[in-house]
1. Being in contact with a Cys (Cβ under 7 Å, 6 or more places away or on another chain) and over 26 Å from LYS157 (Cα atoms), is that true of even one residue in the range 38-51?
2. Out of THR170, THR108, THR124, which single residue is modelled with pLDDT of 95 or more, closer than 13 Å to LEU44 by Cβ and either charged (D, E, K, R) or part of a helix (DSSP H, G or I) (or both)?
3. I'd like the full set of residues that are farther than 13 Å from ILE127 by Cβ and either of a type in the set (D, E, K, R) or touching a residue at least 40 places away in the same chain (Cβ under 8 Å) (or both), limited to the range 21-41.
4. Among the residues of the range 98-110, what is the count of those that are touching a Leu at 6+ places or on another chain (Cβ under 6 Å) and either aliphatic (A, V, I, L, M) or open to solvent by less than 40 Å² (accessible area, probe 1.4 Å) (or both)?
5. Quick one: in the range 139-164, of everything that is outside any helix (DSSP H, G or I) and free of Cβ contacts under 8 Å to residues at least 60 places away in the same chain, which residue is nearest to ILE62 (Cα to Cα)?
6. Could you tell me which numbered condition ASP144 fails, if it satisfies all but one of (1) open to solvent by 20 Å² or more (accessible area, probe 1.4 Å); (2) over 30 Å from ARG16 (Cβ atoms)?
7. Among the residues of the range 111-121, count how many are assigned to a helix (DSSP H, G or I) and in contact (Cβ under 8 Å) with a residue 60 or more places away in the chain.
8. Quickly run through the range 72-94 and pick out the residues that are over 15 Å from ASP106 (Cβ atoms) and of a type in the set (Ser, Thr, Tyr).
Amino acid sequence: MTADGGVVAGPDGRPRCPWGLSTEDYVAYHDSEWGRPVRGDDALFERLSLEAFQSGLSWITILRRREGFREAFASFKIASVAEFTDADRDRLLADPGIIRNRAKVDATIANARALAEWSAGELTALIWSHAPGPGRRAPRTTADIPAVTDESTALAKDLKKRGIRFVGPTTAYALMQACGLVNDHLAACAFRESVTGDASLTGAP
């Protein structure tokens, strides 16, 4: 990372957000996934669940176990996880391929059961309704990137009101960053403009 938290040139010479060069796993995630718009209830349930598991840990810990999580949680299909039994819960708490945190496992199953009662597309619509409007300035350094925003606070509040557990404003903002509701690639990052074709998410340079 540069002293001012600005972009760093990768091995290919292309400037990237500094965190995106800290491990090989992060390079691939930064370049091809982070900040790209995600829609679809099951896809967003996966992101919401993984962000909850990440709470108190580094994201790399979750990223390296993501395939294990997908296998353990039926590819995060809401309808399938909603049907998990006590035996499934015991199986998850014994699975070394995931984070075996009882509160987070219970919250993921409970969230699936709550979401199974929602209409198709309702989770996607709720989450995306909290995307900030156009004109958001592109961050120039990591110091310009907030941990919490008014929008993430409102999103967390709305999700909790609807029975979704283990989500707070910080987790909600991480979800917004990862799923393209906001574009927090630094202004000079080579991948900033490639993450979305929606100009309203690009922000002012």
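1. As a first pass, look at the range 38-51 and keep what is in contact with a Cys (Cβ under 7 Å, 6 or more places away or on another chain): 38, 44, 47.
Within this subset, residues satisfying the condition of being over 26 Å from LYS157 (Cα atoms) are none.
No; the residues of the range 38-51 include none that is in contact with a Cys (Cβ under 7 Å, 6 or more places away or on another chain) and over 26 Å from LYS157 (Cα atoms).
2. THR124
3. Filtering the range 21-41 for residues farther than 13 Å from ILE127 by Cβ gives 21-36.
Across the range 21-41, the qualifying residues are GLU24, ASP25, HIS30, ASP31, GLU33, TRP34, GLY35, ARG36.
4. 1
5. Within the range 139-164, the subset outside any helix (DSSP H, G or I) is 139-141, 145-149, 162-164.
Applying the additional criterion that residues be free of Cβ contacts under 8 Å to residues at least 60 places away in the same chain yields 139, 145-149, 162-163.
On the way: PRO139: 25, ILE145: 21, PRO146: 21, ALA147: 19, VAL148: 21, THR149: 23, ARG162: 26, GLY163: 24 Å.
The selected residue is ALA147.
6. Among (1) open to solvent by 20 Å² or more (accessible area, probe 1.4 Å); (2) over 30 Å from ARG16 (Cβ atoms), the lone unmet condition for ASP144 is (2).
7. Within the range 111-121, the subset assigned to a helix (DSSP H, G or I) is 111-115.
Keeping just the survivors that are in contact (Cβ under 8 Å) with a residue 60 or more places away in the chain gives 111-112, 115.
Of the residues in the range 111-121, 3 are assigned to a helix (DSSP H, G or I) and in contact (Cβ under 8 Å) with a residue 60 or more places away in the chain.
8. SER75, SER80 - these are the residues of the range 72-94 that are over 15 Å from ASP106 (Cβ atoms) and of a type in the set (Ser, Thr, Tyr).
The values are calculated or read from the model by the stated rules, or taken from the named source; none is laboratory data. Note that the structure is predicted; figures quoted are calculated from it, not measured. Glycine also receives a Cβ, built like all others from the backbone with ideal geometry; neighbour counts cover every protein chain displayed. SASA here: full protein model, heavy atoms, side chains in, ligands and nucleic acids out. Shrake-Rupley method; radii C 1.70, N 1.55, O 1.52, S 1.80 Å.
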